[in-house]
Structures are given as structure tokens and as C-alpha cells.
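The values are calculated or read from the model by the stated rules, or taken from the named source; none is laboratory data. Remember, predicted model here, so these are calculated numbers, not experimental data. All Cβ positions, even for glycine, are placed from backbone atoms using ideal geometry, and neighbour counts span all protein chains on display. Side chains included, ligands, DNA and RNA excluded: accessible areas come from the protein's heavy atoms. Shrake-Rupley method; radii C 1.70, N 1.55, O 1.52, S 1.80 Å.
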Protein chains: 2
Amino acid sequence: MGVTISDVARLAGVGRGTVSRVLNERANVDPRTRSRVLEAIAALDFVPNPTARRLSLRRTQTIAVILPFLTRPSAVERLRGVEAALVRGGYDMIVFNVETVERREAVFRDLPRRERVDGLIIISLSPHETELERIGRIDLPVVLIDAHHRTLPRVVADDVLGGRLASRHLLALGHRRIGFIGDIPRIPLAFTSSRLRLTGVRREITAAGLTIPASLVAIGDHSPRRSTELATRMLTQRLPPTAIVCASDTQAAGALEAANALGMNVPGDLSVTGYDDIELADHLGLTTVRQPLFESGVRAVERLLGMIHGTPPGVLREVQPISLVVRRSTAPPSV
Amino acid sequence: MGVTISDVARLAGVGRGTVSRVLNERANVDPRTRSRVLEAIAALDFVPNPTARRLSLRRTQTIAVILPFLTRPSAVERLRGVEAALVRGGYDMIVFNVETVERREAVFRDLPRRERVDGLIIISLSPHETELERIGRIDLPVVLIDAHHRTLPRVVADDVLGGRLASRHLLALGHRRIGFIGDIPRIPLAFTSSRLRLTGVRREITAAGLTIPASLVAIGDHSPRRSTELATRMLTQRLPPTAIVCASDTQAAGALEAANALGMNVPGDLSVTGYDDIELADHLGLTTVRQPLFESGVRAVERLLGMIHGTPPGVLREVQPISLVVRRSTAPPSV
DNA sequence: CTCTGGTATGGAACCGGTTCCGATTGTAGC
DNA sequence: GCTACAATCGGAACCGGTTCCATACCAGAG
């Protein structure tokens, strides 16, 4: 069925080794021989079989990406960055979407084998010690994105700072009652960014000599619908906030919806901030904390490929810049 | 580095062939031999090298997914379905995101080689004849999702019907001036669904004895921002529509935003319909045409794996059911 | 007891590349 | 003209599986 290197060798009247040398642009091939081989390759429309190459080279030219919730725009955006950078580097990307604990276990059990992939990128999932031990044992290069572990190279943004930026902006506008809507820090799948952002908010508010009462902190799953419920409850209590910091743009969209349904004007009656600066944020005119999502994927790949090729890993924790993007969902509180 | 089948054979005191027979659960292995081999496998923690297996079997256990615009929630949702079904079937998924014409050409040039993948799923991209010819030559199983081609198996929904459903609903509510906002039918990347949906809208409106003037048809790229611009222009003209059918939920969100900015009340002053029923639609209370996105991925995989295993393909064009989901963005026009 | 037929199994050949080793050829130096 | 060495290249060995073939063994039939 396929044309093999032997066919090329036969047609060019050379040995298989020579064809391989031409293919891999090795030195010590006579120019005349080289061109005969190239002609034969062209004549037969030969393309080397990648599987055979992999077996021989003991390299798969493939990296795996593990991420939870392919549903989240921010995760997808990071994945886009990973994909773009991998294609540039000539690697294939195989994707594992883990939405359940069972799936997570299965993936971490089966995947990390040197024979399957050359490296691993893990997005928004912090590996357990046992998972890590398995990876370490086979000495598989790994880079984390938006996840934490003392000993693993990672690309992250400073979520605490992000929380501070959002709340600092609101405090500067004059807000004194600031609420927070964030994700459940799901134990088995372990997200921490929402929690860290809340920490940042807390710190900033404390630094301003204020506190954030428990009634103004709402935690729920990531959907805008759930966020709308939480915001509605928060806004209809006796002492509602004048501003809400949300742990994602998606949740901010939910909060906007709640305000809207309650007949409140944003930013007149309520200020709202998001996080990520996905397309939706621009569209909704959301003030948000921008983090370089696509770029985080690109950087993770660059570092991973570096590790695969033996470059020293450099600093383990690479922190990406974040910034506040002010749009029209925030304003000074009315009175 | 890794434990090989020879190590197992040596430890169990058998030949490599016998180990392979045990691994593949072939008949004709003495139960005593089998258990000796299984013990050795367990003792060495042996896992067969998939690359070697692939080379030997001439099967990659991998399928490729080509899709444009990993940015669109609807595409991502289909991809989720593909991923879930492939994992169930024991296949790896490699993803190619094509956002430019160059990339499309590169992917279609390099990818379809029997040695790389066992099958191909193409989402929202209708292959050209030349691309197809290459695929046909190597006899690679392909299934399209949300894309069209006379001779290829595909999983689609009836977009014309979808357009009709949305406009029929609006007509039934009493609307007479109905606008449409859709995608550019990008020549090189060839999306057709938006165009087909417009066709459906046209037919239904014509059937009601009305027409849809050119001033009420707006075409632009897929972003909500662009859609907001188009809707704003449409709504501020001399004879604005009382309802707008949008080719996607994303664009409908843009239209809602425009209405909002113009101080118009939805559904009081303007009805809006979307398409896809992504999470956003639920959140915005958007009346929309629901199509089974996740399920389309699942079905495509089921059919592709069937083809790979030699099941007859059955009907080429599998049409998935769609339905109108009525929420609060549509109502009778205010006189 | 021999013949037959089926089962179990070792091992060679194969999948399609890469790489290493050794042989051949060519050229420079003396 | 002979030696030394480098450049070139063919082909074997290897990567780690699967499968086919030949053989050994065993049981039952004649």
C-alpha cells in the first residue's frame, strides 16, 4: 500500500541507509547520490512512515494535553495557544478532557508512559503526589498551566494580585461594600485560582481598613446561571454590595444578568468585574482582569519542547503579566 | 529503559510469541503457561509499547479532528462529543485547528496519510474536490460534521429547517418585518450553515406571502461585537425590524446588546432568536434553535469507528433532530 | 504399536524506519 | 607507486511488537 524507504532505495540504486541519510540531511552524502535519491523520492511520492520513525527513534513527536472542562472559554483559549505552538514545533497534540474524577484517574494512570508521548501539558489541574510520582518515575517532561506544584515547571499568573487589582480599582472608585462570586474549590479536581483571587480581594480590602462579610462571599459552580442565582441572592439581602468581583467573566455575565433582572443599572447601581478578558467581556463592556490565555499555552509549549530537547528548565514558576481592563461595568457607587 | 516483551518472555521462560498471544487473548495457550506469563507481566509491571504495536499492526488507534475556529462554543461542544466517544472506543484524538487558508492547505496536504491516522473527522468544513481526491486515494475513512459533500458520510442538522422554525415562530407571534444576521460565507474556509439558515428564513417568509428586504439582511464575521454593529445599524434605519433571526447564539447575544444599548426592550420592542442553544442562550433567556452539538460528535465517531471496522456506512447523510426552544427573547410585536 | 489430527509453543520474518560498522573508493603526501 | 586517511555508502542490527510456520507433544482411533 504505502511506498517505503526500500522502494526508494531500489529505484535510486542505493542502500536504505543512504536514503535515510538523505532524508535526515546528514553530511557525508555525495551530491550526485543525494539528487538521485531525491528524484526517486519525488517520483514515488514517498513520505516516511511516522510510526516506524517513532519506534526507531524512541520518540513519539506527540505531546498530551490534559485539561478539565473543555467547556470553559478560558481553557479553550489556552488550548488554542498550545495547539498553535505545537504545530509550529512539528508535534502532534492529543487531548484529554477530564470532567470526572474517574476520568482523571484513568488518564493519569494510562497516559504517562514514555512510549506514548514525549511530554505532558496540564491545564488548570494540580497533580496529586501519587500522580506525580508516576510521572517522575518515567521521567516525563511536564509543564503546568494555571496550576501549582512546588517542583514542577509551570506557567501561571498571579491570581492573588488579580484579585487585588480588581478590588483596588473598586475601592479607588469609592466602593466600600464589595462582594465576591467564585468557583467551588472542587476537591477532587482541585481548582485553586478562584480561591486565590478571593484571597487577593480579601487582602486588598483588609489593607483599606475594611472587611468583607461572609454574606458577600458566594461560591458556586462555574455556570452563568448559577452565578445569576448567587448574585440575585446577594443583591436582595438587607445590605447589598455596591460592587461584585467575579472569579471569571462567565460568572460576571451571570451577575450582570441578575442586576438586569432586578432592574438595577450597571454601573449606576452596581459595579461588576470579571476575570480573563475573554471575548464575552469585550462584548459585555465588562471591566476585567486580563491574563494572556493564548500566550500561556504558547509559553508552556516552548518550555516543554525546550525540556524535551535538553535545555535547562530555567525558573520553575513563570509568572505572566496581568492587567486591569477598565470598561463600562464599573463606576463610582451612587451616593 | 522500558520493559519489553522479551523481558517478560525470559522471566516466564517462554517465547515472545507466546507472551503476545497471552496479551491478545488468543486461544491455544495452556492455562498454566498463561498464568506464568501473567505473573511475569505483573512482576515487571509490563505495558506493551503502543508505537511498536502500531507499526506491527499497521493501525494507529488514532483519529484526527480538523476544525476551524476552536473559538466557537458550538465547535468546542462538538469536539467534546468527539473526544468523549473516542476515549470510550480506545482511540487517541489529535486536533488540528485551522484558522487560516494556509493552515488548511498544510493540514490537508500532510495529514491524510494512512500511516498517521486511522480516520478523520472534519467539523464545519466542506472539503474541496482536490482535498477529497487525496483522501480518497489513500482510502481513509472520513466523517463530516456540520459540513456537506455529496459522497462523504456526514452528520448534519437541517439548517434550512432551522431557519424556518425560527421565522415560523416569529411569524406566528405576528411579526411582519423580520431581519437576519449571519456569518460571511467565507469562501476559502467555506461555511454554509449560516447561508442555509437564511434560505430557510426566506422560504418561510415567502410562504407567508411576505418578503425580506435587503436592508434587513446583514452579514458579518462571527463575533458578538460585529453583530452588535450590524444590529445597531439595522435597528436605527427608517423601517427597523420587529424581530431578528440570528445565525448563532453568539450573534444573537450581540443583537441583544445592540437593543440594550439603544434602550430597546427585549422582547417588548424587539424579538431575537439565536441558533445552537449553547449555555449562553440559556443564560440570556434566548429563544433559539437547538441542535445536538455534543451528540453530533458522538455520532460521527460511532460511524467512523464503524467504517474503520468494516461495517457498511449506512445512510450517508445522517440528519439530527433540531427543535425550537422558546425562552423570553421573543414575544408578539408591540403593535 | 503406529498413525492421525489437533494443540501448544518457540522462533523466524515482518512492519518501516535509523544507526553503526566495516568495506570501498578516491586523493594527498612522500 | 605505495601508504594513510577521509569521504562515501551498503547492509546488518536494532527499535518492540505480531503473526506465520514448523515442530514437539499428546490423545484417540485403528
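Scanning the range A:23-46 for residues that are in contact with a helix residue (DSSP H, G or I) (Cβ under 6 Å, 6 or more places away or on another chain), open to solvent by less than 60 Å² (accessible area, probe 1.4 Å), farther than 25 Å from B:Arg58 by Cα and at pLDDT 90 or above turns up just one, A:Val37.
Annotation note: of A:Arg303, A:Arg299, the sole residue that is open to solvent by 40 Å² or more (accessible area, probe 1.4 Å), touching a residue at least 12 places away in the same chain (Cβ under 8 Å) and basic (Lys, Arg) is A:Arg299. Exactly one residue out of B:Ala255, B:Ala259 is in contact (Cβ under 8 Å) with a residue 12 or more places away in the chain, touching a Ser or Thr at 6+ places or on another chain (Cβ under 7 Å), over 30 Å from B:Thr130 (Cβ atoms) and in a helix (DSSP H, G or I): that is B:Ala255. Taken as a whole, the condition of being away from DNA strand C (no atom under 11 Å from the Cβ) and without any contact (Cβ under 8 Å) to a residue 12 or more places away in the chain does not apply to A:Arg53. When only residues in the range A:57-77 that are on the phi > 0 side of the Ramachandran plot and at pLDDT 90 or above count, which is surrounded by the fewest Cβ atoms within 10 Å (Cβ to Cβ)? This residue is A:Arg58. Take A:Arg80 and decide whether it is facing chain B (nearest Cβ under 9 Å) and either surrounded by 17 or more Cβ atoms within 10 Å (Cβ to Cβ) or away from DNA strand C (no atom under 13 Å from the Cβ) (or both). Considered against the rule, which asks whether it is facing chain B (nearest Cβ under 9 Å) and either surrounded by 17 or more Cβ atoms within 10 Å (Cβ to Cβ) or away from DNA strand C (no atom under 13 Å from the Cβ) (or both), A:Arg80 comes out as yes. Take B:Ile322 and tell me if it is farther than 24 Å from B:Gln61 by Cβ and open to solvent by 10 Å² or more (accessible area, probe 1.4 Å). Yes: the conditions hold for B:Ile322. Please enumerate the residues belonging to the range A:88-112 that are open to solvent by 40 Å² or more (accessible area, probe 1.4 Å) and modelled with pLDDT of 85 or more. Those that are open to solvent by 40 Å² or more (accessible area, probe 1.4 Å) and modelled with pLDDT of 85 or more: A:Arg88, A:Gly90, A:Glu99, A:Thr100, A:Val101, A:Glu102, A:Arg103, A:Glu105. On the basis of being within 14 Å of another protein chain (Cβ to nearest Cβ), open to solvent by less than 40 Å² (accessible area, probe 1.4 Å), in contact (Cβ under 8 Å) with a residue 24 or more places away in the chain and within 14 Å of A:Gly163 (Cβ to Cβ), does A:Ser248 make the cut? In short, yes. Inspection of the range A:23-41 finds a residue satisfying the criterion of being more than 10 Å from every other protein chain (Cβ to nearest Cβ), near DNA strand C (Cβ under 9 Å from one of its atoms) and either part of a helix (DSSP H, G or I) or among the β-branched types (Val, Ile, Thr) (or both). Whether a residue is within 16 Å of DNA strand D (Cβ to nearest atom), open to solvent by less than 50 Å² (accessible area, probe 1.4 Å) and either part of a helix (DSSP H, G or I) or among the small types (Gly, Ala, Ser) (or both) was assessed, and A:Val19 passes this test.
When A:Pro267 is tested against (1) modelled with pLDDT under 95; (2) away from chain B (no Cβ under 12 Å); (3) in a helix (DSSP H, G or I), exactly one condition is not met: (3).
Of the residues that sit in the range B:7-16 and are of a type outside the set (Asp, Glu) and more than 10 Å from DNA strand C (Cβ to nearest atom), which one is least open to solvent (accessible area, probe 1.4 Å)? Top of the filtered list is B:Val8. Write out, first by first residue and then by second, each pair whose Cβ atoms fall under 6 Å of each other, whose residues are 6+ apart or on separate chains, and whose first residue, in the range B:126-143, is in contact (Cβ under 8 Å) with a residue 60 or more places away in the chain while the second is small (Gly, Ala, Ser). Hits for this filter: B:Ser126/B:Ala147; B:Ser126/B:Ala190; B:Pro141/B:Gly119; B:Val143/B:Ala300. Hey, among the residues in the range B:57-74 that are over 30 Å from B:Ala253 (Cα atoms), of a type in the set (S, T, N, Q) and assigned to a loop (DSSP other than H, G, I, E, B), which one's nearest to the other protein chains (Cβ to nearest Cβ)? Per the criteria, the residue is B:Thr60. Checked against (1) within 14 Å of another protein chain (Cβ to nearest Cβ); (2) modelled with pLDDT under 95, A:Leu230 passes all but a single condition, namely (2).
Residues in the range A:287-318 that are under 13 Å from the mean Cα position of the chain (by Cα) and not small (Gly, Ala, Ser): how many? Looking only at that region, the number is 8. Scanning the range B:47-56 for residues that are surrounded by fewer than 17 Cβ atoms within 10 Å (Cβ to Cβ), more than 44 Å from the chain's Cα centre (by Cα) and more than 30 Å from A:Thr250 (Cα to Cα) turns up nothing. Quick one: would you say B:Glu115 is farther than 30 Å from A:Asp110 by Cβ and either charged (D, E, K, R) or surrounded by fewer than 21 Cβ atoms within 10 Å (Cβ to Cβ) (or both)? So B:Glu115 fails the test.
Restricting the range A:1-16 to residues that are part of a loop (DSSP other than H, G, I, E, B) and away from chain B (no Cβ under 14 Å), the residue that is farthest from A:Ala52 (Cα to Cα) is A:Gly13.
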